[in-house]
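Note sheet for the following structure.
The values are calculated or read from the model by the stated rules, or taken from the named source; none is laboratory data. Because the structure is a prediction, the values reported are computed rather than measured. Because the Cβ atoms are built from the backbone with ideal geometry, glycine has one as well, and the counts that use them run over all protein chains shown.
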Amino acid sequence: MDNELQPHYALLLGGGSPWIVKTVELKMDAKQVHIELAWQWDAAHKCPVCGRACSIYDTAAPRSWRHLDTMQFETQVSARVPRANCPEHGPKTCHVPWAARHGRFTPWFERLAVDVLPASASVHQACALLRIGWATAHDSMRRAEARGLGRREPEGLRFFGLDEKSFGRGHSYVSVLPTPCRRENGQRLT
């Protein structure tokens with residue numbers, strides 16, 4: 001059965017060279033599917049900092065990422081990520097195509113979480129549906145917001161809004177003036 005599932009999950013994950021599906025393990029009692037990916041050692045790699053082609057130094061400790069559920073089973077993807085041996089930067093952990101740097105979820109799972117959260121009556125209800133914690137849900141929202149703001153271009157902004165808010169009793173006010181951020185040579189300046 002394992003041989004039949006490996007190509008199936010390779011297609012679903014959008015994998016391919018240099019990553020292959022090594023094993024697919026179905027854990028019926030825990031209601032989990034565990035997919036182990038492996039690096040093809042004959043594949044070339046680039047330094048994650050400068051992009052220079054380099055050899056592989058070693059592999060980092062095994063890591064796991066939460067993926068979209070397979071039917072009602074929680075799906076975990078795991079791999080030992082190789083570290084590139086850059087002559088300039090030294091050994092650096094390579095990027096993986098199925099997760100953000102230091103992420104614990106695949107982008108497909110985070111997208112589902114971002115869609116489920118506003119459609120649910122509360123964050124607590126969304127967490128129950130996704131089987132994640134409250135802090136994890138808020139971290140997913142924060143990362144989605146940062147990605148969206150990172151893609152937004154403030155060009156064409158001609159006017160600012162100024163608002164004054166009172167707080168507490170008496171005459172205590174706060175004036176709020178948002179400042180735009182601009183980009184020069186692809187770098188974000190604030």
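Evaluate the following for Gln125: is it surrounded by 16 or more Cβ atoms within 10 Å (Cβ to Cβ) and either modelled with pLDDT of 90 or more or within 14 Å of the chain's Cα centre (by Cα) (or both)?
On the way: surrounded by 16 or more Cβ atoms within 10 Å (Cβ to Cβ): no; either modelled with pLDDT of 90 or more or within 14 Å of the chain's Cα centre (by Cα) (or both): yes.
The answer is no for Gln125.
Could we say that Glu88 is among the acidic types (Asp, Glu) and exposed (fewer than 15 other Cβ atoms within 10 Å of the Cβ) here? Even if it seems obvious, please write down each step before you answer.
On the way: among the acidic types (Asp, Glu): yes; exposed (fewer than 15 other Cβ atoms within 10 Å of the Cβ): yes.
Against the criterion (among the acidic types (Asp, Glu) and exposed (fewer than 15 other Cβ atoms within 10 Å of the Cβ)), Glu88 qualifies.
Given the condition in contact with a Pro (Cβ under 6 Å, 6 or more places away or on another chain), modelled with pLDDT under 90 and over 13 Å from Ala38 (Cα atoms), answer yes or no: does some residue in segment 60-82 qualify? Checking segment 60-82: not a single residue is in contact with a Pro (Cβ under 6 Å, 6 or more places away or on another chain), modelled with pLDDT under 90 and over 13 Å from Ala38 (Cα atoms). Among all positions in segment 60-73, there is no residue which is among the β-branched types (Val, Ile, Thr), in a strand (DSSP E or B) and without any contact (Cβ under 8 Å) to a residue 24 or more places away in the chain.
The C-beta contact set for segment 1-19 (first residue under 18 Å from Pro97 (Cβ atoms), second residue at pLDDT 70 or above and outside any strand (DSSP E or B), distance under 6 angstrom, 6+ apart or interchain) comprises Pro18/Gln40; Pro18/Ala43. Return yes when Ser140 is farther than 22 Å from Met71 by Cβ and touching a residue at least 12 places away in the same chain (Cβ under 8 Å) and no when it is not. Here the answer is yes, as Ser140 does meet what is asked. Hey, does segment 84-107 have a residue that's in contact with a strand residue (DSSP E or B) (Cβ under 9 Å, 6 or more places away or on another chain), under 29 Å from Arg52 (Cα atoms), in a strand (DSSP E or B) and of a type in the set (Gly, Ala, Ser)? Scanning segment 84-107 turns up at least one residue that is in contact with a strand residue (DSSP E or B) (Cβ under 9 Å, 6 or more places away or on another chain), under 29 Å from Arg52 (Cα atoms), in a strand (DSSP E or B) and of a type in the set (Gly, Ala, Ser).
Per-residue answers, yes or no, for (1) among the basic types (Lys, Arg); (2) in the same structural domain as Leu13 (by TED's automatic domain parsing); (3) closer than 30 Å to Ile132 by Cα:
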residue	(1), (2), (3)
Ile35	no, yes, yes
Ala44	no, yes, no
Arg66	yes, yes, yes
Cys86	no, yes, no
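Applying the criterion of being surrounded by fewer than 18 Cβ atoms within 10 Å (Cβ to Cβ) and either touching a Ser or Thr at 6+ places or on another chain (Cβ under 7 Å) or hydrophobic (A, V, I, L, M, F, W, C) (or both) to the residues of segment 98-111, the residue that is modelled with the lowest pLDDT is Ala100.
When you scan segment 46-59, do you find a residue that is exposed (fewer than 14 other Cβ atoms within 10 Å of the Cβ), β-branched (Val, Ile, Thr), farther than 21 Å from Pro107 by Cα and in contact (Cβ under 8 Å) with a residue 12 or more places away in the chain, even just one?
Applying the first criterion (exposed (fewer than 14 other Cβ atoms within 10 Å of the Cβ)) to segment 46-59 yields 49-53, 55, 58.
Add one more test, that the residue is β-branched (Val, Ile, Thr), and what stays is 49.
Subset that is farther than 21 Å from Pro107 by Cα: 49.
Imposing the further condition that a residue be in contact (Cβ under 8 Å) with a residue 12 or more places away in the chain reduces the set to 49.
Yes, there is a match, as at least one residue in segment 46-59 is exposed (fewer than 14 other Cβ atoms within 10 Å of the Cβ), β-branched (Val, Ile, Thr), farther than 21 Å from Pro107 by Cα and in contact (Cβ under 8 Å) with a residue 12 or more places away in the chain.
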